[in-house]
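The numbers here are math on the coordinates, done by the rules we state, and not lab data. Everything numeric in this text was worked out from a predicted model, so none of it was measured. Positions of Cβ are backbone-derived with ideal geometry, glycine not excepted, and every protein chain shown enters the neighbour counts.
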Amino acid sequence: MNLVTAGDDTSPITVLSTAQSWELLSQGRLGRLVLSAAGRIDIFPINYVADRNRIYFRTAEGSKLVELTIHDDVVFEVDHVGEGSGWSVIVHGTARRLESYGEIAAVEELNLRSWIPTEKHNYVEIVPTEITGRQVRFGEE
């Protein structure tokens, strides 16, 4: 992906547009979900798929599902480290468990698959309220 440099070409940090951030999110499959409930902050690695400006993942019954039911504000982060550069995209939003057969069927068509061979019958959608992205070029200080 060709990223447009914001500001001066010598800067090691490029602020990404919303469209560039979504393009990078659509290429990833593993991210981290940050939840907060009852004064406790937790972070979970999750397999995901990004589609139509939404993020979807599956989960089993357990702490993730309980926490996002208690407090639906979430943060989701994906990053990548390559040879000489990297990027990070952070999404702030709200999460909800999908309930209707139609919503679940639409997400199943996106080929959302878990890497861990456990049953995950709950489908969750993250609706972004803010998305930010940065690309960094590595080098000496």
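In table form, for the structure just shown:
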read-out	value
Lys/Arg +1, Asp/Glu -1 at C-beta; the chain dipole; positive extreme among 84, 128, 115	115
For the chain, built as a Gaussian network whose Cα springs stay under 10 Å, the top-fluctuating residue of 36, 114, 11	11
Highest-first arrangement of 130-137, 12-19, where packing means the average Cβ count within 10 Å	130-137, 12-19
Max mean-square fluctuation residue, GNM over the chain, Cα-Cα springs under 10 Å, options 39, 31, 86	39
Most fluctuating residue given options 97, 113, 40, as computed from a GNM of the chain linking Cα atoms under 10 Å	40
Charge context of residue 104, other residues only, Cβ under 11 angstrom, K/R +1, D/E -1	-3
Where GluC sites (Glu not before Pro) fall in DSSP loop in the stretch 1-101, at most 14 other Cβ within 10 Å	61, 83, 99
Paramagnetic label zone (point 7 Å from Cα along Cα-to-C-beta, residue 132; backbone N under 17 Å) in the stretch 67-99	74-80, 87-94
Estimated dipole of the chain in Debye, rounded to 20 [Cβ of Lys and Arg +1, of Asp and Glu -1, Cα centre]	320
Computed [θ] at 222 nm, deg cm²/dmol, the chain (DSSP H ≥ 4; -39,500 (n - 2.57); rounded to nearest 500)	-5000 deg cm²/dmol
Three semi-axes of the equivalent ellipsoid, the chain, Cα gyration tensor, whole Å, largest first	30, 16, 14
Full-extension gain in nm, residue 77 to residue 41, via 0.36 nm per residue minus C-alpha separation	11.5 nm
Computed over the stretch 13-135: relative contact order in percent, which uses C-alpha pairs under 8 Å that are six or more apart	34
